[in-house]
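Following: one structure in structure tokens, then a few remarks.
The values are calculated or read from the model by the stated rules, or taken from the named source; none is laboratory data. None of the values given here were measured: they were computed from a predicted structure. Note that we place each Cβ from the backbone using ideal geometry, even for glycine, and neighbour counts take in every protein chain shown. All accessible areas refer to the heavy atoms of the entire protein, side chains included, with ligands and DNA or RNA removed. Shrake-Rupley method; radii C 1.70, N 1.55, O 1.52, S 1.80 Å.
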Amino acid sequence: MPSKPDFRKTLVQIAVAERGVTEVDGTNCGPRVDVYKAATNLPPHEPWMWCAGFVCWAVREALTKCGLPTNVPGFVRPTTAGAWDFINWSKRQDGRTHTLMNPKSMDIWPGDIIVFTFSHIGIATDYAAGNVILCVEGNTSPDNGDNNDGGGVFTRRRPLSKVKARIRFNL
């Protein structure tokens, strides 16, 4: 019998495959962006910052691909459109996620959800190295800086000092 795919590895693969997707004309909307936003509890065709929508979508897709339930007692997949609200969501998951505030470099692994101090969120794609973390993020730009409304899905290199919390799945 084949084993189930590793959830965190699958989450990274799904997120990385979306790099280069952009919204239409800086509207916070677009065909693919609206698909991400539809994984949340907000109307997908309205213009709102969608970094958390991207993470909700990627988590839903990884759960499905790994054959894991999205809604069982003690665990409900994230549907929040708020980056910082992911911390509250994680605390309600009955041990199926673990939140660590102000993590150190060694505390971040590929497939962790990273909540930033500037109300933004992404998915770690590698182990943190020194004071730097690599993430795939939605609603960001390909350049440096604290950008939480940049218009696309890109890999970003962020300083560890900008990480508010790390959320790890225990599935």
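Among the residues of the stretch 1-60, which ones are of a type in the set (S, T, Y) and within 22 Å of N88 (Cβ to Cβ)?
Listed by number, the residues that qualify are Y36, T40.
Yes or no: K9 open to solvent by 70 Å² or more (accessible area, probe 1.4 Å) and over 17 Å from S141 (Cβ atoms)?
Yes; evaluated as a whole, the condition is true for this residue.
Search the stretch 2-29 for residues being basic (K, R) and either within 15 Å of G150 (Cα to Cα) or assigned to a loop (DSSP other than H, G, I, E, B) (or both), and hand back the single one that is farthest from the chain's Cα centre (by Cα).
Looking at residues that are basic (K, R) and either within 15 Å of G150 (Cα to Cα) or assigned to a loop (DSSP other than H, G, I, E, B) (or both), I get K4.
Being over 21 Å from R32 (Cα atoms) and open to solvent by less than 10 Å² (accessible area, probe 1.4 Å) is the requirement here; does C66 meet it?
Yes.
Which count do you get for residues in the stretch 74-99 that are touching an Asp or Glu at 6+ places or on another chain (Cβ under 8 Å) and not in a strand (DSSP E or B)?
1
Return the residues of the stretch 69-82 that are open to solvent by less than 10 Å² (accessible area, probe 1.4 Å) and out of contact with any Cys (no Cβ under 6 Å at 6 or more places or on another chain); say none if nothing qualifies.
F75
Just need a number here: residues in the stretch 100-133 that are of a type outside the set (S, T, Y), open to solvent by 10 Å² or more (accessible area, probe 1.4 Å) and either without any contact (Cβ under 8 Å) to a residue 24 or more places away in the chain or assigned to a strand (DSSP E or B) (or both).
Here the count works out to 6.
For R156, all conditions in the list (1) under 20 Å from V35 (Cβ atoms); (2) part of a strand (DSSP E or B) hold save one; what is the number of the exception?
Condition (1) is where R156 drops out.
I'd like to check something: does the stretch 30-47 contain any residue that is modelled with pLDDT of 95 or more, in a loop (DSSP other than H, G, I, E, B), open to solvent by less than 70 Å² (accessible area, probe 1.4 Å) and of a type in the set (D, E)?
no
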